[in-house]
Amino acid sequence: MRRVIVSILFLAASASAAELRDVRDPAKIKDAFPAAARLRVVNIWATWCVPCVAEMPELRAVATALWPDVALVGVSMDDMIPEATRSKVVAFLDKQKISYTNLYYRGNADDLAGFFHFEGEIPVTIAFDRGGKEVWRHQGAIKSADTIAELRKLLRRMR
Amino acid sequence: MRKLFVFLMLIGLAAAACIGDELAVGAKAPQFALVNAIDGRTVAFRPGDGKLSVVVFTCNQCPYAKAFEPRIIELARQYQSKGVTFYAIDPNDESQYAVESLAEMKARATGRGYPFPYLKDGDSATARAYGARVTPHVYVIDGGGTLRYRGYVDDSAKPEERRTTGLSNALDDLLAGKPVSNQTTRAFGCTIKWKS
């Protein structure tokens, strides 16, 4: 019964337009996660990044399968390109039916990479526990089945 | 145990063959001879030719590489007059992305007035040899053939948000006869579309 309610709530959330908030300070990204989430997954991406676009349905599948134990937050790096617009990112997220929180990063790319310890290649997907400790990372496009299995394994270990 | 060690070594070598380790600052730069899309002629770079050289891995399709294109052209014009040689190399697989063909490269280079050759790394071997990961990814090689800088052009493609200028900083230091103050930076951009 709980699962049915959770699924209905998730579908209701999915029907609304994508939320896209601005963020400049990489340290503020963790504030976008719901307190209840046991695992917090950051996905750093951009609409101009071919593998990032390719993995969006995979991320949606992960979010659907594991919510609310696992919460995803996307961080768009579109703003690195001079002609980037927020509206393009919102339209893309709506088209992809992405309903988990996405942030529009307006800070320096080097600061973001330094904060999350990646070398400049996106997508990169990183999972943190409630305490903010990194517990899993994937460089490049994810596959939903593998990622769901990995995150479920982590959830079991956290019990 | 020995068999396991050999097996792990083979896996390591196979991985290195797919995407090379990034060339370390202080290492000898790999040579290359590649076709220039602009005129069809082969251009050879022999490290140690006495010239300060810039090798930029870039491409036709990546929005981030395209955002840096005017800046690379500007820097090439500025530093060529000081004796610096620029090479732009497209390592993306044209069989997967037709926009990376020689004809498309020529159209882009001539349309935008590239003041440097635009070379096709058709099997991505040169990018692998340098350990390039993304476009744009920049390497500066001194006259003795030693890598002195690798990383980004600048830390932002938006001139008003630029805080550090990786490429011009390295060239200024080397032209002044000084060691490069910021030898490695994070290259951002689109993943290279490797020829498999």
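The values are calculated or read from the model by the stated rules, or taken from the named source; none is laboratory data. Bear in mind that the values here come from a model prediction, so they are computed numbers and not experimental data. Quick reminder, even Gly has a Cβ in these numbers, built from the backbone with ideal geometry, and neighbours come from all protein chains shown.
Going through segment A:119-145 one residue at a time, which ones are surrounded by fewer than 18 Cβ atoms within 10 Å (Cβ to Cβ) and within 11 Å of chain B (Cβ to nearest Cβ)?
Result: A:Glu119, A:Gln139, A:Gly140.
Condition check ((1) on the phi > 0 side of the Ramachandran plot; (2) part of a loop (DSSP other than H, G, I, E, B); (3) of a type outside the set (Asp, Glu)) across all residues:
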position: A:Ala63; (1), (2), (3): no, no, yes
position: A:Pro68; (1), (2), (3): no, yes, yes
position: A:Ala71; (1), (2), (3): no, no, yes
position: A:Ala84; (1), (2), (3): no, yes, yes
position: A:Val89; (1), (2), (3): no, no, yes
position: A:Lys97; (1), (2), (3): yes, yes, yes
position: A:Leu103; (1), (2), (3): no, no, yes
position: A:Asp110; (1), (2), (3): no, no, no
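List the residue pairs whose Cβ atoms are under 6 Å apart, where the first residue sits in segment B:63-86 and is under 15 Å from B:Thr135 (Cβ atoms) and touching a residue at least 60 places away in the same chain (Cβ under 8 Å), the second is crowded, with 19+ Cβ neighbours inside 10 Å and hydroxyl-bearing (Ser, Thr, Tyr), and the two are 6 or more positions apart or on different chains.
Hits for this filter: B:Ala65/B:Thr58; B:Ala65/B:Thr135.
Report yes if some residue within segment B:173-184 is within 14 Å of chain A (Cβ to nearest Cβ), closer than 19 Å to A:Gly114 by Cα and modelled with pLDDT of 95 or more; otherwise report no.
Yes, segment B:173-184 contains a residue that is within 14 Å of chain A (Cβ to nearest Cβ), closer than 19 Å to A:Gly114 by Cα and modelled with pLDDT of 95 or more.
Can you tell me which residue within segment B:42-71, out of those that are assigned to a loop (DSSP other than H, G, I, E, B) and facing another protein chain (nearest Cβ under 10 Å), is nearest to B:Met105 (Cα to Cα)? Write out each step before concluding.
Residues of segment B:42-71 assigned to a loop (DSSP other than H, G, I, E, B): B:46-52, B:58-62.
Adding the requirement that they be facing another protein chain (nearest Cβ under 10 Å) leaves B:61-62.
Values: B:Gln61: 10, B:Cys62: 13 Å.
By that ranking, first place goes to B:Gln61.
For segment B:143-168, which positions are surrounded by fewer than 18 Cβ atoms within 10 Å (Cβ to Cβ) and within 14 Å of another protein chain (Cβ to nearest Cβ)?
Hits for segment B:143-168 are B:Lys158, B:Pro159, B:Glu160, B:Glu161, B:Arg162, B:Arg163, B:Thr164.
Okay, residues lined up against (1) surrounded by 10 or more Cβ atoms within 10 Å (Cβ to Cβ); (2) at negative phi; (3) at pLDDT 95 or above:
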residue: B:Arg2; (1), (2), (3): no, yes, no
residue: B:Phe7; (1), (2), (3): yes, yes, no
residue: B:Gly12; (1), (2), (3): yes, yes, no
residue: B:Val25; (1), (2), (3): yes, yes, yes
residue: B:Val35; (1), (2), (3): yes, yes, yes
residue: B:Cys59; (1), (2), (3): yes, yes, yes
residue: B:Ala67; (1), (2), (3): yes, yes, yes
residue: B:Arg71; (1), (2), (3): yes, yes, yes
residue: B:Gly83; (1), (2), (3): yes, no, yes
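Do we have any residue at all in segment A:141-150 that's part of a strand (DSSP E or B), farther than 21 Å from A:Thr47 by Cα and without any contact (Cβ under 8 Å) to a residue 40 or more places away in the chain?
No: zero hits.
Which condition from (1) among the hydroxyl-bearing types (Ser, Thr, Tyr); (2) farther than 16 Å from A:Asp31 by Cα; (3) touching a residue at least 60 places away in the same chain (Cβ under 8 Å) is the one that A:Tyr105 breaks?
(2)
How many residues does segment A:42-59 contain that are under 12 Å from the mean Cα position of the chain (by Cα), surrounded by fewer than 22 Cβ atoms within 10 Å (Cβ to Cβ) and within 12 Å of chain B (Cβ to nearest Cβ)?
Selection size over segment A:42-59: 0.
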